[in-house]
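Okay, structure first, notes after.
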Amino acid sequence: MFKRIKQFYNYMTANVDAEDKMYLDKCLNTDERNLFDKLSVHEQKHSINVAKDVENICDKNSMNSSNLVKAALMHDIGKLKAKMNIIEKSIIVILDNISKGRIKRFTKLEKIYVYYNHPDDGAKILEELNENSRILYLIRNHHNKSIKDDLELSILKICDDRN
Ligand SMILES: [Fe+2]
Ligand SMILES: [Fe+2]
């Protein structure tokens with residue numbers, strides 16, 4: 001419960017400061033940075049916090065953190081793309097007409113769609129930037145509970161959950 005309150009507080013007060021921007025300059029190339037900047041401020045801050053958290057764990061355990069930090073910064077980038085496809089959109093528009101606007105309540109469905117699809121959508125977006133396959137794998141599986149034997153992925157999941 002306390003964790004959720006803290007997350008809500010962080011969400012409300014999110015701010016990407018000069019130090020964060022330097023960190024982003026250090027970790028991301030121009031294409032990645034352009035995408036990252038399209039995320040909402042609270043998503044940006046969340047991703048920066050996840051990245052610094054994974055980096056800390058890697059440093060303490062003498063692990064190479066380059067893939068993991070980049071995956072952490074970009075892990076929720078699919079939230080940019082996770083919109084309804086054209087058929088779903090058309091159905092919504094038709095239903096909206098028939099129901100005279102009462103369909104608005106179904107915006108919740110879009111949130112559910114985003115929740116389930118943003119890991120895959122994120123990986124697809126980054127594939128277009130020729131991101132390496134390990135980073136794509138980490139992003140694609142950051143909500144996959146069935147993979148338990150991948151140390152880097154486990155670190156990403158833990159840090160995602162506590163930031
Ligand atoms: Fe996510
Ligand atoms: Fe996340």
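The values are calculated or read from the model by the stated rules, or taken from the named source; none is laboratory data. These figures come from a predicted structure and were not determined experimentally. Cβ placement follows ideal geometry from the backbone for every residue including glycine, while neighbour counts extend to all protein chains displayed.
A few notes on this one:
- Residue within the stretch 10-33 that is among the β-branched types (V, I, T), more than 16 Å from ligand 2 (Cβ to nearest atom) and either surrounded by fewer than 11 Cβ atoms within 10 Å (Cβ to Cβ) or in a helix (DSSP H, G or I) (or both) present: yes
- Residue check for I5: part of a helix (DSSP H, G or I) and either exposed (fewer than 10 other Cβ atoms within 10 Å of the Cβ) or touching a His at 6+ places or on another chain (Cβ under 6 Å) (or both): yes
- Some residue of the stretch 57-68 being touching a Phe, Trp or Tyr at 6+ places or on another chain (Cβ under 8 Å) and within 24 Å of K6 (Cβ to Cβ): no
- Sole residue being at pLDDT below 95 and within 19 Å of the chain's Cα centre (by Cα), chosen from I103, I112, I86, I92: I112
- Checking I147 against (1) under 25 Å from K21 (Cα atoms); (2) at pLDDT 95 or above; (3) in contact with a Ser or Thr (Cβ under 9 Å, 6 or more places away or on another chain), the condition it does not meet: (1)
- Scanning the stretch 136-163 for residues that are polar (S, T, N, Q), in a helix (DSSP H, G or I) and within 13 Å of ligand 1 (Cβ to nearest atom) yields nothing.
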